[in-house]
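One structure below.
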Amino acid sequence: MKRSKRIEILDQRPVNLDGYINEWPEMGFVAMKSPYDPAPSIRIRDGKVVELDGKVREEFDFIDQFIADYAIRIDRAEKSMSVSSLDIARMIVDIHVSRKEILELVSGITPAKMAEVINHLNVVELMMGMQKMRARKTPGNQAHITNLKDDPVQIAADAAEGALRGFAEEETTMGVARYAPLSSMALLIGSQIGRPGVLTQCSAEEATELELGIRGLTTYAETLSVYGTEKVFIDGDDTPYSKAFLNSAYASRGLKVRFTSGSGSEVLMGSSEKKSMLYLECRCLYATKGAGSQGVQNGSVSCIGVPGAVPGGIREVIGENLVAALLGLECASSNDQSFSNSDMRRTARTMLQFLPGTDFIFSGYAAEPNYDNMFAGSNFDAEDFDDYTVLQRDMQVDGGLRPVTEEEVIRVRNKAAKAVQAVFRQLGLSPISDEQVEAVTYAHGSKDTLSRDVTADLMAAEDVLKRGITGVDVVKALAQTGYKDVAESVLNMLKQRVVGDYMQTSAILDKEFHVLSGVNTPNDYMGPGTGYRVDGERWEEIKRIPHIIDPQDI
């Protein structure tokens, strides 16, 4: 058959390399509304929920029971459920109804009712809701700091640059899990050089991650995964009760905790129970709230290819982000997993969170080249920094980042590499050569760095655990080797763990170690002229992008 040349060219476009599938509710391939989703209902007897979304208590699975017992305001339920879902949806976008009123109202509704509310909102209305409902007044951003070699020197340098660029939180993970002690130490040091007050996490096996936190080498955790069906929860070797216990273990040691969930996980694991991704994610978020977590990383996350393949799937992602905010949770709104070959499509997906602002627009912007991201690649990476800061300038939007100069980047990368070199030497860990310091100072990624002695590094990592090295030892090593300013910053991070204020909802620290959270800086948006506005010093900072013409030079 003779073909249209226009269609032939369109067929070759990157967007047509993506995978797409029509709705298939029986297998869970439906984004917003499945014919098998339950109708909202609740019955209360003697202060206990005896019916939830069409199920009587004798039929509850452990997620239903957990939600009924811990995640719904019994004193609010009957009144809240009597308000129509359409009316609640309209209140969410009504500038005359405050965030506080909405939080109180929805505290008594069920997961099926929540899904019904979200289904009444189009994508612009969902963004309007997020602008009003996010917990913290100012939006923020979070970075992935990883590399293919698990090189702690590069982790320190990339962490310093990321903090300089404005990330309020930074997380790392490893290709070789045993590197975790060195990676967390390097991340802690580098982050405080880029900008004091940055929170850090090392994503590892739970026992290791908890131990690193107890030792003061990390300050938050976010890989406590929850799921929307009992079968998938069990396959994940957990229950809502075990997650609640783990949440308490972290929080009692002074670590900020955020759960992880996202639409599509149940589909991937073959047990969606024919329900929509939105309804199942509502169950996840209610379980998160019931477990006492201050927040959640959600927005499909590593499962983004599933909602990205079905009609309305990206609308569902901003919908589940809004559900988190409606439940009063901190929302780190994903954007941290590659899902499309199309630059246009990946940017459009991120704009749904970028424009209204969320507590963390990315739960992992790759602050390294994509090939170095051990979290499997982010929707934006180090090669997109300039595009991202220009988008902030174009739209007068605060996306959590700031433009930087080449001189600043070289300075903080070099200082971070040298500081880690000095600490490793002082603590008797694996050596770092001057050549390695020089390489990571100017490197784009691990292709530009020198290989390390992996055996020596792994022995050093094991030694950190055996010797009981803590954040206090890092402080001493920094102070003894001439990095007193960095030692002071790390010590202040350890003090914050004792104070505990950064465990409040949506908490971050500024460079003076003041806590900014949904408690002391709550979102107060109620229409034009209210809420957070990008102006003053912050607007001047956003405007100072590289490669700009200064009228004074003409």
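Things worth noting here:
- Total formal charge among the other residues, if their Cβ is under 13 angstrom from that of Gly194, Lys/Arg +1 and Asp/Glu -1: +1
- Relative compactness, the stretch 177-261, computed as alpha-carbon Rg over 2.2 N^0.38 Å: 1.17
- Cα-based reach from Lys476 at 14 Å (exclusive), listing aspartates and glutamates while leaving out same-chain residues under 8 positions away: Asp485, Glu488
- Of Lys55/Lys100; Lys5/Lys447; Lys289/Lys466; Lys243/Lys418, pairs whose Cα-Cα distance is over 32 Å: Lys5/Lys447; Lys289/Lys466; Lys243/Lys418
- Packing-based order for 39-48, 185-194, 312-321, using average beta carbon neighbours within 10 Å, highest first: 185-194, 312-321, 39-48
- Cα centroid separation - the stretch 500-554 against the stretch 127-159, whole Å: 15
- The Cβ shell under 11 Å around Glu206 holds other residues with a net charge of -4, Lys and Arg each +1, Asp and Glu each -1.
- Unit charges on C-beta of K, R, D, E only; dipole of the stretch 1-143, Debye: 820
- Total formal charge among the other residues, if their Cβ is under 14 angstrom from that of Lys256, Lys/Arg +1 and Asp/Glu -1: -4
- For q = 0.08, 0.13, 0.18 Å⁻¹, Debye-computed log10 I/I(0) when each Cα of the stretch 1-159 counts as one equal scatterer: -0.44, -0.86, -1.12
- Helix 343-354 and the longest principal axis of the C-alpha atoms of the chain enclose an angle of approximately 80°.
- Counting every pair of alpha carbons in the chain, the share spaced more than 43 Å apart comes to 18 percent.
- Rh by Kirkwood over Cα pairs, then Stokes-Einstein D for the stretch 346-414 at 0.890 mPa s and 25 °C, µm²/s: 188
- Sequence-separation-based contact order of the stretch 356-404, relative, with Cα cut under 8 Å and 6+ spacing, percent: 31
- Taking the C-alpha atoms only, the angle from helix 454-467 to the longest principal axis of the chain is near 80 degrees.
- About the centre of its Cα atoms, the stretch 374-515 shows a dipole size close to 760 debye [charges on the beta carbon of Lys, Arg (+1) and Asp, Glu (-1) only; nearest 20 debye].
- Taken about its Cα centre, the chain carries a charge dipole of roughly 760 debye when the Cβ of each Lys and Arg holds +1 and the Cβ of each Asp and Glu holds -1.
- Among Phe167, Phe60, Phe380, a tally of other beta-carbon atoms within 10 Å of each Cβ gives an order, fewest to most, of Phe60, Phe380, Phe167.
A short reminder: the numbers here are calculations on the coordinates, not readings from a lab. Being a predicted model, the structure only gives us computed values, none of them experimental. Cβ sites come from the backbone with ideal geometry, for glycine too, and all protein chains shown count toward neighbours.
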